[in-house]
Amino acid sequence: MIKVLSGVWALLLGVVLIMLGNGMHFTLIGLRGGIEGFSSAELAIVTSGYFMGFLSGARFTPLLIRRVGHVRVFAALGSFMSAGLLAFPLLADPWAWTVLRLLVGFCMSGIYVAAESWLNNASTNETRGKVLSAYMIAQTLGIIGAQGLLTLGDAGTSVLFIGASILVSLSFGPILLSATSAPVAEVARPMPLRDLFTGSPLGTVGIFLLGSVYATQSGMGAVFGTQIGLTTSQIALFIAMLFAGALLLQYPIGWLSDRMDRRKLIFGAASLGAVSCAMGWITGGGLWPLMASAFFAGGVTTPLYALFLAYTNDSLSAEDMPGASGGLIFTFGLGAIIGPLVTGWAMQGLGPFAFWLVLGATFVAIALYALYRMTQRAVVPVEETESYLNVLPTASTVAVEAAGEWAAENAETDREADTQS
């Protein structure tokens, strides 16, 4: 593993710095929005703006890279993002923030495409799985670390936004100085949603609902914390617990995924998420019950994303997997746009604890649909399934397609070994 990381450590360091800046900005929106007196509905629109920009960036960035190259696209988008972060405290208006979030989301999507293209190019078939795992850990640690940095300043001033901008700017150095020339970003055309649903109804519906869950957790969690009176340090810990759970539960759920019917595991993980949300709703704001709820509700979200990708690939041929990955990412993005809007509307009308109500109801919908699909299609034998895809919901199509190729090759190697034995 050390040998593998020695070739990509600078890229991973740049990713950590980017995630520190982006993670700070996500939580800052809720903190500063509360100080400015923005309503839940207004902050929900601001949150959705990021995911609209992210979805647009995933479609258009590969075209930009083909025209001017990775280095120029990465540098330009990073500069725009850094400037956008500085503009938030200068333009304290919900609609201005929505436009800025569109910009930041677009830039982050493009940055992911460029960085993941370099990482993919720096890895081989033998090392790709380890590189992707290291990339996932770097991203998650960056987000968690960002919450600690929020306690070092006052969200009512410009200091933390400036700090986030500086971190994003610093990330250019290790990435641009270490990256070799990368191949053109060839992203497969997304599979039409009708074909995707026909091939895997559970994967399509499930990942749409999960997009709502992820965007609500990451975008509205700080809004919820602000409205129930948590301190900045407590809100930072609450958001950190959402992602710490994902970091710790990813491996055991991934291990189980390759050894049992994935639909049952999806049902179990979604049920755990629903129970966690119910605990957060019922306990009425007790600090440690809230942290435990965040740990488990956030902890199952990222593994569920990887589960849906792996389960969908189980139903497809190898040549259809890249297009399906693009279709699933697009479907996830649609859910991510809609989820915060629904949650913000519910919090506006029912109070801040509607945050847990909407999340819990969405987890229940995922669990029930998984249960229903078990009655509609025979289980795929474990020995015929693809390997679990160790990717985050923030990954671009580049990383998802690379993980899919690695999983297919890994599964084929395992099947050949079983045949020979």
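The values are calculated or read from the model by the stated rules, or taken from the named source; none is laboratory data. Note that the coordinates shown come from a computational prediction; the quantities given were computed from them, not determined experimentally. In this analysis, Cβ positions are derived from the backbone assuming ideal geometry, glycine residues included, and neighbour counts consider all displayed protein chains.
Residue 275 versus (1) assigned to a helix (DSSP H, G or I); (2) in contact with a helix residue (DSSP H, G or I) (Cβ under 9 Å, 6 or more places away or on another chain); (3) modelled with pLDDT under 95: which is the lone unmet condition?
Result: residue 275 fails condition (3) only.
Do the conditions hold for residue 359, that is, is it crowded, with 23+ Cβ neighbours inside 10 Å and at pLDDT 95 or above?
Numbers: crowded, with 23+ Cβ neighbours inside 10 Å: yes; at pLDDT 95 or above: yes.
Yes; evaluated as a whole, the condition is true for this residue.
Does any residue of segment 65-84 turn out to be touching a Lys or Arg at 6+ places or on another chain (Cβ under 9 Å), farther than 18 Å from residue 18 by Cβ and either of a type outside the set (Gly, Ala, Ser) or in contact (Cβ under 8 Å) with a residue 12 or more places away in the chain (or both)? Lay out the reasoning, then the answer.
First pass over segment 65-84, keeping only residues touching a Lys or Arg at 6+ places or on another chain (Cβ under 9 Å): 65, 73, 84.
Cutting the leftovers down to farther than 18 Å from residue 18 by Cβ gives us none.
No, that holds for no residue.
Answer yes or no: is there a residue in segment 249-271 that is crowded, with 21+ Cβ neighbours inside 10 Å, within 27 Å of residue 227 (Cβ to Cβ) and among the small types (Gly, Ala, Ser).
yes
Does residue 38 fit the bill of being at pLDDT 90 or above and within 19 Å of residue 343 (Cβ to Cβ)? Even if it seems obvious, please write down each step before you answer.
Numbers: at pLDDT 90 or above: yes; within 19 Å of residue 343 (Cβ to Cβ): yes.
It is true that residue 38 is at pLDDT 90 or above and within 19 Å of residue 343 (Cβ to Cβ).
When you go through (1) under 14 Å from the mean Cα position of the chain (by Cα); (2) within 23 Å of residue 377 (Cβ to Cβ); (3) among the hydroxyl-bearing types (Ser, Thr, Tyr) one by one for residue 257, which number turns out not to apply?
(1)
In segment 141-173, which residue that is within 17 Å of residue 108 (Cα to Cα) and at pLDDT below 90 is surrounded by the fewest Cβ atoms within 10 Å (Cβ to Cβ)?
173
Across segment 122-140, which residue is modelled with the highest pLDDT among those that are surrounded by fewer than 18 Cβ atoms within 10 Å (Cβ to Cβ) and assigned to a helix (DSSP H, G or I)?
Restricting attention to segment 122-140, the residues satisfying the condition of being surrounded by fewer than 18 Cβ atoms within 10 Å (Cβ to Cβ) are 124-126, 130, 137.
Filter once more, keeping what is assigned to a helix (DSSP H, G or I): 130, 137.
Working: 130: 76, 137: 86.
Going through the qualifying residues, I end up with 137.
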